[in-house]
Structure formats: C-alpha cells, structure tokens
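Encoded as structure tokens, the structure appears first; notes follow it.
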Amino acid sequence: MGVVVAALLACEVPPRPPECTFTATTGLPDPLVSRDGACLTSPAQWPRRREELLDLFAGTIYGRAPGRPERLDFEVRARDGAAMGGAATLKRVDLVSRHQGRVHTFELLLFTPNARRPRGVFLLLSTRPDRHTDPTRVERSEYWPAEDVIARGYGIAALQTDRLAPDDRATFTRGVIELFEGPVPEAQRRRDAWKTIAAWSWGARRAMDYLETDPDVDPARVAVVGHSRGGKAALWAGAQDERFALTVSNQSGCAGAALSRRPVGETVELVNAVFPHWFADAFRRYGGREDELPVDQHELFALIAPRAVAVGSAAEDEWSDPEGEFQGLAYASPVFSLWGHAAIDPAAWPRVDEPRFTFPRGYQLRPGAHGLTGLDWQRYLDVADQLWP
C-alpha cells in the first residue's frame, strides 16, 4: 500500500518549469538546478548556486587555491612615461607575496596610452618565453601586440605564468604553491590540491589586486586573456573573480571552453595523461567517464555571467574542438537569460570569418591553426568597443 500511495503522491508533484528540462534535452548538467533540486528563476537566487558550482569546479577539476597571502606589496621598479615614442607609459611592477616566512615575487608589465585614460586594460597570461612580451619593444610579437592595443585606446598588461608555477610536472610547485605549502612532496598533497592552471589563475587575481590601485587604470574595465593552456587559466580566473569585466579564451580546448562530454581532440583522459601537473588529481578519475562529471564547461561560462566573455577558435585547430568551444559558450545561455540576455543557439555554429556578438558574449572562428594572432586581438578589441564605447 505504501508504494501505491508514494506513486500517487509523486504524480501530484507539479512539473518543473521549462528551464529545468535542460539536462533531459542536452545531456549536460543543468546550471540552474541547485544541489537540493531547486530550479533557479531569478538573479537573486544565483549567488548561492554560483558558490556551489565554484566548489564543484575546484574540487573536481582545478583544485582548491588559497586567497591572498598574509602580505602583498606592489613595487613599481621602473616607469617610462615616453614609451612607444611617447604614445604610452610603461610600468614594470613587482608583486611581492609574503606568507609564513616565505617570499615570492612575479612581475607585471603594464602599458597605458598617454593620449587619454585607457578605455580598458587587457591582461595576458603569457605562457610563452619572455621575448613575446618584451617591454623594451625591441622584439615584437603578434601574441602580445602592445602597439596595436595602445593605438585602439586600450591598455595592455602581461604576466609570465612560469614565474607563478613552472609548466613542468617535476617542478610545478616551485612558485606560489610552495609559498603557501612549503616543499611538500607531491605524494602527500590532497587529490583536490591546486596545480599550475589554478596557480596561474591565482596570479591573474593578484595582478587585478594591483590594477585596482593604479591611477591610470579603470578597474571596472579589465579583461583577462589567455591562449591555449593560458586560456584555461583565464577562464578559471574570470569565473572566480567578479572584478574581471571581460574574460577572453583563445583556443583553450579541454577544461577550457570546450565541453568535456564531447570526445573530440584533447579529451579529459589525454590532457591528464600528458599534462598531469595542470589539474587536480581528482580530475583524472573522469577520463573516459566524462558523463560522471558533476559539471561541464558551459557552467564555467555560467560563472562569468552576467559579465562579458569572448571565445576564439581556429578552423584548423581540431585539438581544441572549435565546435565544442562554441557549444560551451552557447549552453551557458540559461544563466545569462536570468539577466535578460538573448540566448545563443548551440546548433548555430558560426562560419569562418563571421564573428558574432550576442551581448555580452562574443565568438569568432578564424581561418588557420592554433595560435594567438593579430586578427584574434583585433576581434577581441572589437568586442571591447561594443562593451566599453
């Protein structure tokens, strides 16, 4: 009798609103359904769900990183008010962290236009050698086209990710991780301990701490930018830190913009096998079992809502799964819709050279292969023009 009564009562439960049919229709976790099964319908309900998702991403993918150190100092060790032939001011800033008797320093490079206060500042998490972000401008690279950005009226900054955590499976803790943990053997670290991607994101947040203090910067208009593995870190930084007004992911692939549940190109199993120092050990168990992940990357984009985000893919970069990157952005639409923003159809993948802007989200698929090019930068600046006229 009890079973019959329970069945009758179940039939009387009112159906969930249409927003909560997301999983049934997409096969993806619903960003609007909280752990207790409630379906969110307003922005006022989002902060609690946001904290749940941040906890899930930290615990299963990126690892749990600390906040600010006990002491954080900013030391402007060089300033040139006539950089780029007088068009810009250059500052070279040391960010010095002190924690439990240990010290760590990394440098932030910052160019701002002299003609006017910058309309915004682009912060690049650079994973390439120093020469690509040469502050003397003797060597120039389209990876960090500082002159072009200044000419468009924006500031541009960069930090070198290897100063925060070396991109090496044997030495990755020798940076900010040791600052907080000391020389702890890897075997003794927790399965949800942070590694390089989270360390680089941590550095972006500390750079934002400085940018808030710089009188030549509008802290309400700072974009965090990353390419490839740097794009993974930029997305995690933008998801965590609501001070970033724009997050830019350029060909970030698996555990970046692309959906994990699409077995295309770089998969969960492959990325953890080849780069075991990038993500928390907990992420490894989902290799070949992506459907068991409690989150997917559309929810990483959801964590950025209602702030702006831009995604760039390349037509020949199959490893990064360009279509999966677009779908990651598009399937975050239910959360952006809480603020009245238009949905992006995940089936309407734009063609090559047809960039799309659906406020406050941009997407572009350019021709060519993996890389951060001058064309990519111009299109991200186009997005900023629409956000910050």
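The values are calculated or read from the model by the stated rules, or taken from the named source; none is laboratory data. Fair warning: this is a prediction, and the values are worked out from it, not measured in the lab. All Cβ positions, glycine included, derive from the backbone under ideal geometry; neighbour counts span all protein chains shown. Side chains included, ligands, DNA and RNA excluded: accessible areas come from the protein's heavy atoms. Shrake-Rupley method; radii C 1.70, N 1.55, O 1.52, S 1.80 Å.
Here Gly153 fulfils each of the conditions (1) part of a loop (DSSP other than H, G, I, E, B); (2) under 23 Å from the mean Cα position of the chain (by Cα) apart from (2). Of all the residues in the range 65-103, those that are touching a residue at least 60 places away in the same chain (Cβ under 8 Å), among the small types (Gly, Ala, Ser) and out of contact with any Leu (no Cβ under 6 Å at 6 or more places or on another chain) number 3.
If the condition is being more than 21 Å from the chain's Cα centre (by Cα), under 25 Å from Lys232 (Cα atoms) and open to solvent by 30 Å² or more (accessible area, probe 1.4 Å), then the range 95-131 contributes Thr105, Asp130, Arg131. Restricting Ser228, Ser249, Ser260 to residues that are modelled with pLDDT of 95 or more and within 20 Å of Phe359 (Cα to Cα) narrows the list to Ser249. Looking only at the range 232-273, how many residues end up being crowded, with 24+ Cβ neighbours inside 10 Å and basic (Lys, Arg)? The number of residues fulfilling the criteria is 1.
The C-beta contact set for the range 148-163 (first residue free of Cβ contacts under 8 Å to residues at least 60 places away in the same chain, second residue surrounded by 20 or more Cβ atoms within 10 Å (Cβ to Cβ) and part of a helix (DSSP H, G or I), distance under 6 angstrom, 6+ apart or interchain) comprises Ile156/Ala146; Ile156/Val149; Ala158/Thr133; Leu159/Gly203; Leu159/Ala207. Here's a check for you: in the range 26-64, which residue that is open to solvent by less than 40 Å² (accessible area, probe 1.4 Å), in contact (Cβ under 8 Å) with a residue 40 or more places away in the chain and among the small types (Gly, Ala, Ser) is nearest to Pro306 (Cα to Cα)? My answer is Ser42. Annotation note: of Thr112, Thr60, Thr23, the sole residue that is part of a helix (DSSP H, G or I), hydroxyl-bearing (Ser, Thr, Tyr) and out of contact with any helix residue (DSSP H, G or I) (no Cβ under 6 Å at 6 or more places or on another chain) is Thr23. When the range 167-193 is limited to residues that are open to solvent by less than 30 Å² (accessible area, probe 1.4 Å) and not hydrophobic (A, V, I, L, M, F, W, C), the one that is farthest from the chain's Cα centre (by Cα) turns out to be Gly182.
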